[in-house]
Structures are given as C-alpha cells and as structure tokens.
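Only one structure is covered here, and it is reproduced in the block below.
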Amino acid sequence: MARTETARDTGTGGRATGAGGPDAGRPAGPDAGGDAGRGDAGRPAGADAGSPDAAAAPAAGPGVSVVPDGGRRVLAVIPARGGSKGVPAKNLAEVGGRPLVARAVAACRGAGLVTDVAVSTDDQAIAAAARAAGAEVVERPADIAGDLATSEAAVLHAMDTHEARHGRTVDVVLLVQCTSPFLTAEDVQGVCAAVVRNGADSALTVAPFHGFVWRDDADPEQAPEQAPGRSAAPAGGYGVNHDKSFRPRRQDRPQDLLETGAAYAMDAAGFRKAGHRFFGRTDLVRTDPARVLEVDDPHDLARARALAPLLDDAGADGAPAPRPRREDIDAVVLDFDGTQTDDRVLVDSEGREFVAVHRGDGLGIAALRRDELKLLILSAEQNPVVAARARKLRIPVLHGVDRKDLALKQWCEEQGIAPERVLYVGNDVNDLPCFGLVGWPVAVGSAHDVVRGAARAVTAAPGGAGAIREIASWILGPSL
C-alpha cells in the first residue's frame, strides 16, 4: 500500500509573493479545544477561487503519492491533539460511524491535488486511528500541544518533520480541521486549486451568510467603539454588519461570507515567512452552507451525529458517497438474514425453514477470500442453514449471538484487526451496535431506513440479490 515516491525540483516551490501584504503580521488566534483556532473569521478578502476541478482519489496508503501538476508537493496537515476540554477525546468521537480524525483524513485523501496527508498529534489513540485511515503521523511536542497552542505552530512543525523525514520540500501546505465533520474532498480540492492553479497565496473555505450580527454594550468583552456606523446613544445592542435603523431586503444586501473553519491552503514558503495562514492574495472558496458545522461542545457533536445520515449519503454536489477500497479494510463481516438472503423464510408443513441465497454473492465472497481478507458471518439466529452456508463458502461463522457488537469486538481482538478497518454489512436495527464499532458500516439496499441512515455506504442491490457481490466489486474492482 506504499505510495510511489518521485523526485522533485526544489526550484518549483518557494513563492513568497505578497507575504508582506495587508495581512502580514496578524497574530494567529489561540487554538482552543483541539486545534479549532480560526484566526480572521469571516474576512471577505481576495477573490473567489471559482469552481475547482473535481476531486479525484490519489493512490492510497500512508506516506507519499504520485505527484500531480508538474511536481508540486501538497501536504495536508490535520492537527488533532488529545487534550480537548469541551468534548473529551473529541478527535476520536464518531460521526457517521467514523472518528472525526478519520473523516478529515478521508476528505484530504479524496482530493486529487493533495500528495501527502499528515496528522499532527500528541495522543497515541489518535495516532493509531490516523494510521488506520491512511495518514502519516507526526508526533507533536508538548510545548505546542497545550490549550494555547496555535494551529499554525502545529502546521509548521509538521512541515519541518515531513520534509526531514522524506527529504523533499513542500510547495503548498493545507490546514484541515477535524472539527468540521462534513468537509468534502471537493472542498479540500478547491482550496488546493486556488493556490496550485489559480495563483493565490492563501485560500480558505467560506459559506454564504445572510445573518444580522449584533453586539451588546453590556458585554465587557466587546469593543463597541470598533463598530463603524454605530450610533453613540442609546446604549444596548447594536448592529455589527448592519445599521439597526434600516432593514434592507436580503437581495439588496451585500453578500457576506462566513469562514467555515474547515480548510485552508497556503503557499509553503509564504506561510513560513508570514507565520500565519492569511497573507498576500487570499482566495475564498465557497462551500455548501448546509454542511457548515464545527464540533466544539457536546451539543455540536450531537447535531453532527443527527445530520450524518442526511449529509453522508452524498457529497455537496450530490455525487455518491465514497466507496471502500481494498487498502481501506482488513476484514469483511457479514450478517446473514436480510443481507445474504431477502429476509424471507419459507416454512414447510413440518416446520422446516428454507431461505434463498444469491450465487453472485458466493462469487464475491470467494474473491474476497482469495485476496486474503479476513471474513466472518455473524448472525443472531441459531440456525443450521447459516452454518451450512458458511461451510460452503469456507468462512468462519458465529451464530446464535445475543450481543453481536461484543462478539465482533472480541473477534477483532483475536484476529489482531483494528475495528476501524473492518467493513460490516447489515440490514436491521440489531446491526446498529456493530455499525458504531467499525470503520465501514454498510447497509444493503433493502435495509431499514434507520440502518441506511447510519451506514457509511449503501448498496444498490437489496439483500439476497447480489448486494455482497456489489460490495466485493467496490473493494476489488468490477472484474474481481
């Protein structure tokens, strides 16, 4: 799964254009609660980067990749420290069945211009999850891992470490936040393209914003004298981006843009010189406002988990959700009734039960076995037909299991497999605990709506009609 190393001419990078521009010397904001520092929230500087090329998945695996666009190296850095206060172990919190850090890695790996992905962390559990998701890990020193540490410091350290480790210079560096769970590969590709192809020095993701922003004189932390156009009296609330005495129609107001806090791109040499994420010409890359959410407290996390079934089914442009590849998984675990069958049972006059299976599923399972993936049938039903099917397929079976999630966890430990590298296929609500345990929860097309909503991917085929064959083709390719 190693990516291909390619030599580069260090003369292709090193632009510092505009480093002394209007943003030079701006202090970076403190990185509170897991690298969530956003700096200049909502700055409308620069031009819109426009519509980037569609993201294309690069070669998989940690380390290095084939270098596109004339040999420019693009390093995506994901700061993910372990000491978050608002949500303990926040960067490992699962949304849509995946840890936040793994979601960020997947978005970066799906952007065609990104050549390398590194997670900067001081936490071993986060490091393990990052490696399982396919990222390089940079161990962050304690002096830049505290509550007041800035994201910029983490990015600079990760750049230095990556360059020393691989012996090559980074041309463009990205800061990608775990706290934005619905970041897409297209968003990451957009900020990359702004710098790599469109000549920007820095870029960030923004979303259209139509709200009226207010401040309160009674708040001692506010600085009312900085609000242009504010009337001297009376005291109380006053408008920041509007005059409270005049309420224009939405279509008559200038378009405000909200910094999403999700992804930033910088020319690497310019970033080193400026010491912060905004300098020179800053391009704004518009994203879908429906996907803007930052996880900073338990309520944000609950909202993200509620939204995941709606937002994970498709990308921002309606494209299908990502499908698992061979390099993403080490094991496939299959429910039986409703996934390998159509969930119907035929009963004869003597009470004997009969089910139908799909020969294409058997072909797919045989191909997965040949590729040396670990396989398991896990069923709550104690039924001789389940054991008979497992014998025919030549894969192990655990059936008559009350707590499938506990059985799955124990099996993973015995096999030495990280749960986040397991693909689990289910169809009904008793599969949901297993969905929350694995990295790739997959629902068959005929699954219960709640299960489909909790899945990371859903097959087009219903259970018992070739759904397992379809999943095998995702992993191994159509020809298996």
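Before moving on, here are some points about what is shown:
- Accessible area of Ser479 (1.4 Å probe, protein heavy atoms only, ligands and nucleic acids ignored): about 110 Å².
- Apportionment of accessible area to carbon and sulfur, region 85-126, percent (1.4 Å): 58 percent
- Computed log10 I(q)/I(0) for region 294-441 at 0.10 Å⁻¹: -0.42, from the Debye equation with unit scatterers placed on every C-alpha and solvent omitted.
- Nearest-10 value in Å² for the accessible area of His358, using the 1.4 Å probe: 70 Å²
- Efficiency of FRET between Ser349 and Ala302 - r from beta-carbon atoms, R0 41 angstrom, step 0.05: 0.20
- Report note on the peptides 284-295, 380-391: ranked by the mean count of other C-beta atoms within 10 Å, highest first, their order is 284-295, 380-391.
- Region 332-480, accessible area per residue, ligands and nucleic acids excluded (1.4 Å, Å²): 46 Å²
- Percentage relative contact order, region 397-480, counting C-alpha pairs under 8 Å, at least six apart: 20 percent
- Among Arg215, Arg277, Arg250, the sequence by solvent-accessible area, most first, with a 1.4 Å probe is Arg250, Arg215, Arg277.
- Portion, in percent, of the accessible area of region 262-419 that falls on carbon or sulfur, probe 1.4 Å: 51 percent
- Euclidean distance between Cα centres, region 449-480 to region 97-164, Å: 31 Å
- Average accessible surface for region 91-179: 27 Å² per residue, computed with a 1.4 Å probe over protein heavy atoms with every protein chain in place.
- Largest to smallest accessible area among Leu375, Leu92 [probe 1.4 Å]: Leu92, Leu375
- Accessible-area order (highest first, 1.4 angstrom probe) of the listed residues Asp143, Asp160: Asp143, Asp160
The values are calculated or read from the model by the stated rules, or taken from the named source; none is laboratory data. For clarity, every value in this text was computed on a predicted model and none was experimentally measured. So basically every Cβ, Gly included, is an ideal-geometry build from the backbone, and we count neighbours across all protein chains shown. Just the protein is used for accessible areas: all its heavy atoms, side chains included, with ligands, DNA and RNA removed. Shrake-Rupley method; radii C 1.70, N 1.55, O 1.52, S 1.80 Å.
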